[in-house]
Each structure stands twice: as C-alpha cells, then as structure tokens.
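Worksheet: one structure, shown below.
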Amino acid sequence: MNELERWANFYLLMSAAAATLLGLMFVVITLAAERRRGDAAQIPIYLTPTVIYFASVLFLTALLTFPNHTRLTATLCICLLGVIGLVYSGTSLLGGDKKSFNARSDRLAYAIFPSAAYGLLVLGGVLSLLAPQRGLTLVAAGILSLLAVSIRNSWSIAIDVVSISPGRENSK
C-alpha cells in the first residue's frame, strides 16, 4: 500500500514516543509502589488504562510499519485495534470492571477521550479503504489523541505519586 509509505516516518516517530513513554510509566509504577504502600490497591485503576493506551499506540504504529501491507491488511489492523480499544475503554466508562474514578475529569481522561480516539481509528480504518489519505489522516488524529490523553494521564499519575509523602498514607 503506497499510501502507508508516505506515513512511515510518522509511524516510526509515534512508535518511538509511545515506547519511551511506556518505559517511563514503569518508573512511575515503581515509585508509586514504594510511596503509596497504604493504598496500593488504587494504583492499577489509573495505571492500567494509561499503559494500555500507550501500548495501543506502540502496537498499531509498529503494525503499520510492516512492509508489503495491502489496503485490506492495513485496514484490518487499524479497525481491529480500534474495536478492541473501544471495548476496553467502553468497559471503563460503564464501570463493567468495577473501576471507580474519583472525579468527572478522571472519567473524561480515562474513558471518554480514549473512546473517541479509538472511534477515530475505526472510522479512519474504514475510510482508508475508500479514500486512503483521508482515512490515514483520521488514523493519525486517533493515534495523536490517544498519545496525548496518555501523556495527560501519566502526568496526573506522576503528580499524584510525587505529592504524597511516604508517611502520609499510613496516618489515614
């Protein structure tokens, strides 16, 4: 698919960014585990979606750099990941996995915005069959949206971890 070759640098850049930020999330996880021993059960509620969103960007962009993609195989990769992401973020939104977010902004950042980004991926994937450049532009918008919301979420987690003093959680 010749259209994907035009996007190769974008996919490589997004893949590198997602991989780097995903690695940094493991540093945050380590800090969170050390600093928040008293309420460590809350950590996965916020970390897991962020790691999954970074991994989605990494996985999709790596898939799209495979050589010899046809329009159909690229569309299948994009749509499959988009649908899986919609299901995951939809369960977070509906609370099907018993997650409880503390504030409305959390629900926006951890469920609604990612659902919209995954929706862009599905829409872009389908559109790439009919109008490849327009479809791939929507896919790029979905990837950037997912990366941006993941950065926002990881920043929020990092600030939360750093703002808790090591002895404070034991005084509750």
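The values are calculated or read from the model by the stated rules, or taken from the named source; none is laboratory data. Given the structure is predicted, the values throughout are model-derived calculations rather than measurements. Don't worry about glycine lacking a Cβ; one is built from the backbone with ideal geometry, like all the others, and counts go over all protein chains shown. The accessibility values were calculated without ligands, DNA or RNA, using every heavy atom of the protein model including side chains. Shrake-Rupley method; radii C 1.70, N 1.55, O 1.52, S 1.80 Å.
Taking Thr20, is it open to solvent by 50 Å² or more (accessible area, probe 1.4 Å) and at pLDDT 85 or above? Judged against the criteria, Thr20 is a match. Within segment 122-144, the set of residues being open to solvent by less than 50 Å² (accessible area, probe 1.4 Å) and not hydrophobic (A, V, I, L, M, F, W, C) comprises Gly124, Gly125, Ser128, Pro132, Gly135, Gly142.
Only one of the listed residues (Leu31, Leu60, Leu12) is at pLDDT 90 or above, open to solvent by 40 Å² or more (accessible area, probe 1.4 Å) and out of contact with any Phe, Trp or Tyr (no Cβ under 8 Å at 6 or more places or on another chain). That residue is Leu12. The set of residues in segment 115-154 that are of a type in the set (D, E, K, R) and more than 11 Å from the chain's Cα centre (by Cα) contains only Arg134. In segment 155-172, which residue that is at pLDDT 75 or above and surrounded by 16 or more Cβ atoms within 10 Å (Cβ to Cβ) is farthest from the chain's Cα centre (by Cα)? Ranking the candidates gives Asp160 first. Quick check: anything in segment 87-102 at pLDDT 90 or above and closer than 23 Å to Ala18 by Cβ? Checked against the condition, which is being at pLDDT 90 or above and closer than 23 Å to Ala18 by Cβ, segment 87-102 yields at least one hit.
Taking the conditions exactly as written (part of a helix (DSSP H, G or I) and modelled with pLDDT of 95 or more), does Leu138 satisfy them or not? Yes; evaluated as a whole, the condition is true for this residue. The criterion of being open to solvent by 10 Å² or more (accessible area, probe 1.4 Å), in a helix (DSSP H, G or I) and either under 17 Å from Arg6 (Cβ atoms) or aromatic (Phe, Trp, Tyr) (or both) does not hold for Arg152. Candidates are the residues of segment 68-85 that are closer than 13 Å to Ser128 by Cβ and among the β-branched types (Val, Ile, Thr); the one that is surrounded by the most Cβ atoms within 10 Å (Cβ to Cβ) is Ile78.
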